[in-house]
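Just below is one structure, and these are the notes that go with it.
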Amino acid sequence: MLDKFGIAKRIAKELKDGYYVNLGIGIPTLVANYVPEGIEVVLQSENGLLGIGPFPFADEVDADLINAGKQTVTTTIGSSFFDSALSFGMIRSGRVDLTVLGAMEVAENGDIANWKIPGKMVKGMGGAMDLVAAAKNIIVAMQHVDKKGNSKLLKRCSLPITGLGCVKKVVTELGVFDIVPEGFQLLERAPGITVEYIREKTEGHLLVVGEIPEMVV
Amino acid sequence: MLDKFGIAKRIAKELKDGYYVNLGIGIPTLVANYVPEGIEVVLQSENGLLGIGPFPFADEVDADLINAGKQTVTTTIGSSFFDSALSFGMIRSGRVDLTVLGAMEVAENGDIANWKIPGKMVKGMGGAMDLVAAAKNIIVAMQHVDKKGNSKLLKRCSLPITGLGCVKKVVTELGVFDIVPEGFQLLERAPGITVEYIREKTEGHLLVVGEIPEMVV
Amino acid sequence: MLNKLVANAEEAVKDIQDGATIMLGGFGLCGIPENCINALVKTGVKNLTCISNNAGVDDFGIGLLLNTRQVKKMVSSYVGENAEFERQLLSGELEVELIPQGTLATRCLASGYGMPAIFTPAGVGTEVADGKEIREFNGKQYLLEYAFDSDYAIVKAWKGDTHGNLIFRETARNFNPMMAMAGKITIAEVEELVPAGELDPDQIHTPGIFVNRIFQGVDYEKRIEQVTTRLKS
Amino acid sequence: MLNKLVANAEEAVKDIQDGATIMLGGFGLCGIPENCINALVKTGVKNLTCISNNAGVDDFGIGLLLNTRQVKKMVSSYVGENAEFERQLLSGELEVELIPQGTLATRCLASGYGMPAIFTPAGVGTEVADGKEIREFNGKQYLLEYAFDSDYAIVKAWKGDTHGNLIFRETARNFNPMMAMAGKITIAEVEELVPAGELDPDQIHTPGIFVNRIFQGVDYEKRIEQVTTRLKS
């Protein structure tokens, strides 16, 4: 089974040289720490920054320089600042190659729900609806089951939808899944996890073709 | 009768302190030379400049700094540069207080034609259609009659229209006219010009209310 | 009078009436018009509709206006940092309209650019689309979203000049340039005010034509929501 | 590979095929991609559709591509400076679509911002509106105009870096930033190329994400259409 760092590490293997990438809050943010050697990616922050650098040293903290999670950050070589309209312009026009975000639920048809739990507090969708409606390649990083043990990989989302049919891939502590017409296609098992176990924890249709390798993280 | 400098001078009296003004090519450009003392206006050039200054001295000429007529210009104190989308954004959203442009024809309902003569060369509308469709206050500077002696203040435009019902005021070598529901309302006569002469040269409906003063330029 | 200078925040906001719609720049607490928010608390103006990406925190930013019950309605994309906000929302005291962040930005842009409406794919198939017109272009569905109609826009810039030209700094730019273009009356507060002519015309982010009032702000706290650092190794 | 550097104009444009649609930045002769235009003359690519505010003059700018009959269609707002253009237009050799300048700029913006169409009042009631959808908002009529779909965008900047970040100078900015966002492949030529990291991130007009190829231009003539001066008194 993977911990959150393992999930981030596995997703980092999806990065390609020259990618512009938007990383959501939580596990997705950790992906930045595992960019494979020899490739360069540019992290986009929808509040108006291309080229997010590492967290600042304590004496470098700058109130004007934050990421979309409101954390203080730094810039990198070649960074640029821009306004929110241009930021979502580059997202909407498909310039961001990869978006990684968390989810409460993903359905076997690629629907995602991650912004609202009716009857509880509504924090808002922030930029998630724009990202999922426009990004070419969306990977979801999340736990396979919720705190009550219910599967989050569903036949159909029960929570209010963030976007329709947009998720391409899901990485959980149990495995890696592509969204294909038939449902969740299992590509890799987390270390020590069996296909049977994954099947048990997956409510949506699980497609298992041939031998499923254990992932190398 | 006014010459082109007189027309420009008379239009300059319409300027108010703090106005942002777009001046078209030809007579309108001359208006900049007659800004009344004690007021400040900012000239907008739709190719991306707020604050057009005077023509440069010969040793100041800069290929990167031109107005919408492609003439070399300078900046003024407080100038800013921007792209064409923002430039027409400020025009379209009504931030430009006054637009002065030339015309081939103006109709008594405020229609204007100034971009095309069918069968002859078509140079294009440039920014004129955007300006006339959006500006709050449009003054036309033009000759009262064409080279053949035909009135350019018409019941209805015969040439392809640039914009509908948008002209507020017309200044010609013969007089100053407001466009009102009834047609061209004569406000001032050019020095030495009679109401009768103006009536003769005006095909569209001319409204004359009371005594018409001779203009003071 | 190209000089748009007003003395201070109190003078800049004094004509904002009960029931007004105001836009406030900033993302989280970054790039927010601190001085004007404080001045609005002082004038006590009520029933405001606030268009702002976020709603501040309990004791800073728009949170201050929520504490004094001056806000009737919030139009935002994310409001999850504010307990008083939550209380007012759950009790029905506060109306909230949540809209996607890109839609929020682009509806401001539309106002500034004189475009009555725009099309965006954000929210198609979600409850955000309820009651909205959907249109297909090239096989993809888009929502028709309208330009904002806001009485005032209140923005914060890094530098500004007396003609209203503005320059923003780093990610404090965010929504400020679009909102500066989208208000019927635009008020700008700046960290550093200079005479017209001192800013490089090529570097101005918001041309002065969009700004009606400008003043030199004071006592900026520039609070940080999440100070996140790394250790020197 | 964030390094988007190519050797020169020839390399930058070599894959542009016959029949391609290309955008070219510039207003008049100001801010035009001189190097790339010259390179296109050399490759001899034919049947181009050129989207550009103007069409150059007889012996400079897009005029060069007209002389060699490489252009099938011009999409412009103003073309009145070019005798060869006039000849080809009147003889029917050249297709021309004239559209209002603001519509041209905003259709580029729409492409760059992922908006399939925009509404503009420009052209309502004129022949520009022929066959177009008209829609009323708040009692005013607007035309529905579509985003451009262009294979390439070719722009000229003042400074650029190896990541494709661009800074424009004075009125040479004009259409370049919007077109840089609107091409499927964007090529930028610059007067001064610097390593990534040398440009101030707050001053970048076009972020590198929009630029696919960049090179240091050479031998800029920067011709002026109308040198207009005043006398020292």
Exercise for review: Look through segment B:1-26, keep the residues that are under 21 Å from B:G38 (Cα atoms) and small (G, A, S), and return whichever of them is nearest to the chain's Cα centre (by Cα).
Suggested key: B:A8
**Study point:** Selection from segment D:87-102 of residues that are surrounded by fewer than 24 Cβ atoms within 10 Å (Cβ to Cβ) and touching a Gly at 6+ places or on another chain (Cβ under 7 Å)
**Key:** D:L98
Practice item. Could you list all residues from segment D:59-86 that are surrounded by fewer than 17 Cβ atoms within 10 Å (Cβ to Cβ), under 18 Å from D:G25 (Cα atoms) and at pLDDT below 95? Key: D:D59, D:G80
Revision key, fill the gap. Scanning segment C:188-223 residue by residue, those surrounded by 17 or more Cβ atoms within 10 Å (Cβ to Cβ), more than 9 Å from chain B (Cβ to nearest Cβ), out of contact with any Leu (no Cβ under 7 Å at 6 or more places or on another chain) and not in a strand (DSSP E or B) turn out to be C:N212, C:G217
Study note, to complete from the structure: Of the listed residues (B:L153, B:L174, B:L131, B:L159), the one being under 22 Å from C:Y113 (Cα atoms) and either touching a strand residue (DSSP E or B) at 6+ places or on another chain (Cβ under 7 Å) or of a type in the set (A, V, I, L, M, F, W, C) (or both) is B:L131
Review point. Looking at (1) under 28 Å from A:S79 (Cβ atoms); (2) in contact with a strand residue (DSSP E or B) (Cβ under 6 Å, 6 or more places away or on another chain), can you tell me which one D:A105 breaks?
Key: (2)
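Yes/no matrix, rows are residues, columns are (1) at the interface with chain D (Cβ under 10 Å from one of its Cβ atoms); (2) modelled with pLDDT of 95 or more; (3) closer than 16 Å to C:T228 by Cβ:
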| site | (1), (2), (3) |
| --- | --- |
| A:A12 | no, yes, no |
| A:K16 | yes, yes, no |
| A:G26 | no, no, yes |
| A:A32 | no, no, yes |
| A:G38 | no, no, no |
| A:L49 | yes, yes, yes |
| A:T72 | no, yes, yes |
Review point. Out of (1) crowded, with 16+ Cβ neighbours inside 10 Å; (2) modelled with pLDDT of 95 or more; (3) on the phi < 0 side of the Ramachandran plot, what's the single condition that is false for A:A134?
Key: (2)
Review point. Only one of these conditions is not met by A:T76: (1) in contact (Cβ under 8 Å) with a residue 24 or more places away in the chain; (2) away from chain D (no Cβ under 14 Å). Which number is it?
Key: (2)
Point to revise | segment D:7-43: number of residues that are crowded, with 18+ Cβ neighbours inside 10 Å, of a type in the set (V, I, T) and away from chain B (no Cβ under 14 Å) | key: 5
Practice item. For segment C:219-229, state whether one or more residues are in contact (Cβ under 8 Å) with a residue 40 or more places away in the chain and farther than 25 Å from C:E10 by Cβ. Key: yes
Practice item. Pull up segment C:169-187, narrow it to residues that are within 16 Å of C:N35 (Cβ to Cβ) and more than 14 Å from chain B (Cβ to nearest Cβ), then point me to the one that is surrounded by the most Cβ atoms within 10 Å (Cβ to Cβ). Key: C:N176
**Study point:** Which numbered condition D:T120 misses (of (1) facing another protein chain (nearest Cβ under 8 Å); (2) surrounded by fewer than 18 Cβ atoms within 10 Å (Cβ to Cβ))
**Key:** (2)
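If you check A:G6 against the conditions, is it touching a residue at least 40 places away in the same chain (Cβ under 8 Å) and part of a loop (DSSP other than H, G, I, E, B)? Don't jump to the end; show me each part of the working.
Values: touching a residue at least 40 places away in the same chain (Cβ under 8 Å): yes; part of a loop (DSSP other than H, G, I, E, B): no.
Against the criterion (touching a residue at least 40 places away in the same chain (Cβ under 8 Å) and part of a loop (DSSP other than H, G, I, E, B)), A:G6 does not qualify.
Condition first: surrounded by 16 or more Cβ atoms within 10 Å (Cβ to Cβ) and either closer than 26 Å to A:P118 by Cα or over 17 Å from the mean Cα position of the chain (by Cα) (or both). Can you find one or more residues in segment A:209-216 that meet it? Steps first, please.
If we filter segment A:209-216 for residues that are surrounded by 16 or more Cβ atoms within 10 Å (Cβ to Cβ), which is where we start, we get A:212, A:215.
Still in the running and either closer than 26 Å to A:P118 by Cα or over 17 Å from the mean Cα position of the chain (by Cα) (or both): A:212, A:215.
Yes, segment A:209-216 contains a residue that is surrounded by 16 or more Cβ atoms within 10 Å (Cβ to Cβ) and either closer than 26 Å to A:P118 by Cα or over 17 Å from the mean Cα position of the chain (by Cα) (or both).
Confirm whether A:L50 is under 30 Å from C:A180 (Cβ atoms), buried (at least 24 other Cβ atoms within 10 Å of the Cβ) and either free of Cβ contacts under 8 Å to residues at least 24 places away in the same chain or not hydrophobic (A, V, I, L, M, F, W, C) (or both). Outline the logic, then answer.
Numbers: under 30 Å from C:A180 (Cβ atoms): yes; buried (at least 24 other Cβ atoms within 10 Å of the Cβ): yes; either free of Cβ contacts under 8 Å to residues at least 24 places away in the same chain or not hydrophobic (A, V, I, L, M, F, W, C) (or both): no.
It is false that A:L50 is under 30 Å from C:A180 (Cβ atoms), buried (at least 24 other Cβ atoms within 10 Å of the Cβ) and either free of Cβ contacts under 8 Å to residues at least 24 places away in the same chain or not hydrophobic (A, V, I, L, M, F, W, C) (or both).
Any idea which of B:V73, B:V31 is in contact with a Phe, Trp or Tyr (Cβ under 9 Å, 6 or more places away or on another chain) and buried (at least 20 other Cβ atoms within 10 Å of the Cβ)?
On the way: B:V31 fails: in contact with a Phe, Trp or Tyr (Cβ under 9 Å, 6 or more places away or on another chain).
Being in contact with a Phe, Trp or Tyr (Cβ under 9 Å, 6 or more places away or on another chain) and buried (at least 20 other Cβ atoms within 10 Å of the Cβ) holds for just one of B:V73, B:V31, which is B:V73.
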Exercise for review: Count, please, the residues in segment A:151-181 that happen to be without any contact (Cβ under 8 Å) to a residue 40 or more places away in the chain and assigned to a loop (DSSP other than H, G, I, E, B).
Suggested key: 1
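A quick yes/no check of all residues on (1) of a type outside the set (D, E, K, R); (2) over 22 Å from B:A133 (Cα atoms):
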position: D:S76; (1), (2): yes, no
position: D:V79; (1), (2): yes, no
position: D:N82; (1), (2): yes, yes
position: D:E95; (1), (2): no, yes
position: D:C108; (1), (2): yes, no
position: D:T120; (1), (2): yes, no
position: D:E133; (1), (2): no, no
Check your understanding: List pairs: first in segment B:114-140 and more than 10 Å from chain D (Cβ to nearest Cβ) and within 22 Å of B:G94 (Cα to Cα), second in a loop (DSSP other than H, G, I, E, B) and charged (D, E, K, R), Cβ under 7 Å, 6+ apart or cross-chain?
Key -> B:K136/B:D97; B:N137/B:D97; B:N137/B:K168; B:I138/B:K168; B:I139/B:E14; B:I139/B:K168
Exercise for review: Please enumerate the residues belonging to segment B:149-208 that are within 14 Å of chain D (Cβ to nearest Cβ), crowded, with 22+ Cβ neighbours inside 10 Å and in contact with a helix residue (DSSP H, G or I) (Cβ under 6 Å, 6 or more places away or on another chain).
Suggested key: B:T162, B:G163, B:C166
Review point. Can you tell me which residue in segment B:86-99 is farthest from the chain's Cα centre (by Cα), limited to those that are surrounded by 24 or more Cβ atoms within 10 Å (Cβ to Cβ) and more than 7 Å from chain C (Cβ to nearest Cβ)?
Key: B:L86
Exercise for review: Kindly indicate whether A:M1 is touching an Asp or Glu at 6+ places or on another chain (Cβ under 7 Å) and outside any strand (DSSP E or B).
Suggested key: yes
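Yes/no per residue for (1) small (G, A, S); (2) over 15 Å from the mean Cα position of the chain (by Cα):
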{"residue": "C:C36", "(1), (2)": "no, no"}
{"residue": "C:V45", "(1), (2)": "no, yes"}
{"residue": "C:L48", "(1), (2)": "no, no"}
{"residue": "C:N53", "(1), (2)": "no, no"}
{"residue": "C:G61", "(1), (2)": "yes, no"}
{"residue": "C:R69", "(1), (2)": "no, yes"}
{"residue": "C:K72", "(1), (2)": "no, yes"}
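Would you confirm, using the coordinates I've provided, whether B:G102 is within 8 Å of another protein chain (Cβ to nearest Cβ), within 17 Å of the chain's Cα centre (by Cα) and surrounded by fewer than 21 Cβ atoms within 10 Å (Cβ to Cβ)?
Numbers: within 8 Å of another protein chain (Cβ to nearest Cβ): no; within 17 Å of the chain's Cα centre (by Cα): yes; surrounded by fewer than 21 Cβ atoms within 10 Å (Cβ to Cβ): yes.
Spelling it out, it is not the case that B:G102 is within 8 Å of another protein chain (Cβ to nearest Cβ), within 17 Å of the chain's Cα centre (by Cα) and surrounded by fewer than 21 Cβ atoms within 10 Å (Cβ to Cβ).
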Practice item. Check off (1) surrounded by 24 or more Cβ atoms within 10 Å (Cβ to Cβ); (2) within 13 Å of chain C (Cβ to nearest Cβ) for D:K156 and give me the number that stays unchecked. Key: (2)
Check your understanding: Can you find a residue in segment D:41-52 that is touching a helix residue (DSSP H, G or I) at 6+ places or on another chain (Cβ under 6 Å) and either free of Cβ contacts under 8 Å to residues at least 24 places away in the same chain or closer than 19 Å to D:G183 by Cβ (or both)?
Key -> no
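The values are calculated or read from the model by the stated rules, or taken from the named source; none is laboratory data. A quick note: this is a predicted structure, and the numbers were derived from the prediction, not measured. Please note: Cβ atoms are built from the backbone with ideal geometry, for glycine as well, and neighbour counts cover all protein chains shown.
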